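Some notes on the structure that comes next.
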Amino acid sequence: MKVGDLVTLSAYGRKLKCNYEFTDSVGVVVSVDGRLPLYRCTAINVLWAGVQNQKTYQIRADLKYAK
């Protein structure tokens, strides 16, 4: 994913309890950080619309491209 892409939660991301407030939201990728050493994955900073414009870090498996 690149900066500026529109994303939503994937099926896996919707199953996680920590993402309950973003289930019906669309977000914009703000930044893509390199691999996180602790989790060995790429952190994607997403600005979610409709949820008080909240920024969160998600992993790639939590997200999919918005249609």
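Within the range 47-60, identify whether any single residue is buried (at least 16 other Cβ atoms within 10 Å of the Cβ), part of a strand (DSSP E or B) and out of contact with any Asp or Glu (no Cβ under 9 Å at 6 or more places or on another chain), and answer yes or no. Yes, the range 47-60 contains at least one residue that is buried (at least 16 other Cβ atoms within 10 Å of the Cβ), part of a strand (DSSP E or B) and out of contact with any Asp or Glu (no Cβ under 9 Å at 6 or more places or on another chain). When the residues of the range 8-20 are filtered to those that are of a type in the set (D, E, K, R) and more than 12 Å from the chain's Cα centre (by Cα), the one that is surrounded by the most Cβ atoms within 10 Å (Cβ to Cβ) is K15.
Among the criteria (1) surrounded by 15 or more Cβ atoms within 10 Å (Cβ to Cβ); (2) modelled with pLDDT of 90 or more; (3) more than 16 Å from K67 (Cα to Cα), the one V3 does not fulfil is (1). For first residues located in the range 11-40 and modelled with pLDDT of 90 or more, partners that are among the small types (G, A, S) and not in a loop (DSSP other than H, G, I, E, B) and lie 6+ apart or on another chain with Cβ distances below 7 Å form the pairs Y12/A61. The set of residues in the range 15-33 that are more than 17 Å from A49 (Cβ to Cβ) and in a helix (DSSP H, G or I) comprises K15, K17, C18.
The values are calculated or read from the model by the stated rules, or taken from the named source; none is laboratory data. Predicted model only: the values in this text are computed from it and were never measured. Don't worry about glycine lacking a Cβ; one is built from the backbone with ideal geometry, like all the others, and counts go over all protein chains shown.
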